[in-house]
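As structure tokens, the structure follows; a few thoughts come after it.
The values are calculated or read from the model by the stated rules, or taken from the named source; none is laboratory data. What you see is a predicted model, and the numbers here were worked out from it, not measured in a lab. In this analysis, Cβ positions are derived from the backbone assuming ideal geometry, glycine residues included, and neighbour counts consider all displayed protein chains.
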Amino acid sequence: MKTIIVTGASSGIGRSTAELFLAEGWTVGLLARSAETLKEMAAQHQNAIPMVADVTDPIAVARAFRSFLNEVDRLDVLFNNAGIFAPGGTIDEIALESWFQTVNVNLNGMFLCAREAFRIMRNQTPQGGRIINNGSIAAYVPRPNSVHYTATKHAITGLTRSLSLDGRELGIACGQIDIGNARTPMVQELVKAAEAEGRTPDATMPVEDAARSVLHMASLPPESNVQFMTVMATTMAYIGRG
């Protein structure tokens, strides 16, 4: 049975992805801060392993990954997904607290989880595995008033490339999925904000389409890898944005 850890598993893209993998028969480590939500999800699936942790806490992350290995023989895939979108503005309007929080969750959190997964995959037998980082359309083209979010997502592209290079001789593949406007609570808030300001919001797509794309990446044989995938609403303003 294949195994995967999904971070940010309690809501949005993470939850939809975790539920799809559970339905497909994978053993899924559900990593998030919300103990009650994870408990509720795990109660519905025998192949779910709740992992309560804050991705910004190195000790909690290491403990959570160790607890997962106590339940399974190996880690095949990490979906490195947990992230936030703090209140926006121009650079002089964004509170320093928002900048530090965004960097801590979106970049430091992904680094810490990738670090634990890489360590496990390097030392397990047979060696190897796959890390899938959740980037964003913002990894290439920013939304207005999102310098904090955009900077972290550009950094994830560098993380993905470095992990791909460093993992090459160890059988550790790394790819990045850049998801545009899946209908999660975070995107719904952006839609509401646009409507409140009298702007036409970007097109959105079902979050399940993003989950299916992650499943495709995760299900490839070891000799194949999706390095970068962009999946978005067909009419989203991405090409030519700016």
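Brief remarks on what is shown
- Any hit, the stretch 203-216, residues being assigned to a helix (DSSP H, G or I), free of Cβ contacts under 8 Å to residues at least 40 places away in the same chain, more than 14 Å from the chain's Cα centre (by Cα) and surrounded by 14 or more Cβ atoms within 10 Å (Cβ to Cβ): yes
- Among residues of the stretch 117-135 that are over 27 Å from residue 105 (Cα atoms), those with a Cβ under 9 angstrom from a residue that is in a helix (DSSP H, G or I), sequence gap 6+ or separate chain, pair up as 124/69; 127/121; 127/170.
- Answer from 119, 74, 66 - the residue that is of a type in the set (D, E, K, R) and under 19 Å from the mean Cα position of the chain (by Cα): 119
- Residues of the stretch 13-47 that turn out to be over 24 Å from residue 183 (Cα atoms) and of a type in the set (A, V, I, L, M), as a count: 1
- Scanning the stretch 227-240 turns up no residue that is surrounded by fewer than 13 Cβ atoms within 10 Å (Cβ to Cβ) and part of a helix (DSSP H, G or I).
- Close pairs (7 angstrom Cβ cut-off, 6 or more residues apart or separate chains): in contact (Cβ under 8 Å) with a residue 40 or more places away in the chain and closer than 11 Å to residue 7 by Cβ in the stretch 44-62, polar (S, T, N, Q) and in a strand (DSSP E or B) anywhere: 55/7
- The set of residues in the stretch 6-25 that are surrounded by fewer than 24 Cβ atoms within 10 Å (Cβ to Cβ) and under 11 Å from the mean Cα position of the chain (by Cα) comprises 12, 15.
- With a requirement of 3 or more residues that are over 27 Å from residue 166 (Cα atoms) and in contact with a helix residue (DSSP H, G or I) (Cβ under 9 Å, 6 or more places away or on another chain), the helices (runs of 4 or more DSSP H) lying completely within the stretch 1-117 that satisfy it span 12-23, 96-103.
- Scanning the stretch 131-153 turns up no residue that is over 14 Å from the mean Cα position of the chain (by Cα), part of a helix (DSSP H, G or I) and exposed (fewer than 15 other Cβ atoms within 10 Å of the Cβ).
- Test: residue in the stretch 75-89 that is modelled with pLDDT under 95, closer than 17 Å to residue 134 by Cβ and either surrounded by 17 or more Cβ atoms within 10 Å (Cβ to Cβ) or not aliphatic (A, V, I, L, M) (or both): yes
- For the stretch 100-115, the count of residues that are over 11 Å from the mean Cα position of the chain (by Cα), among the hydrophobic types (A, V, I, L, M, F, W, C) and farther than 29 Å from residue 205 by Cα is nonzero.
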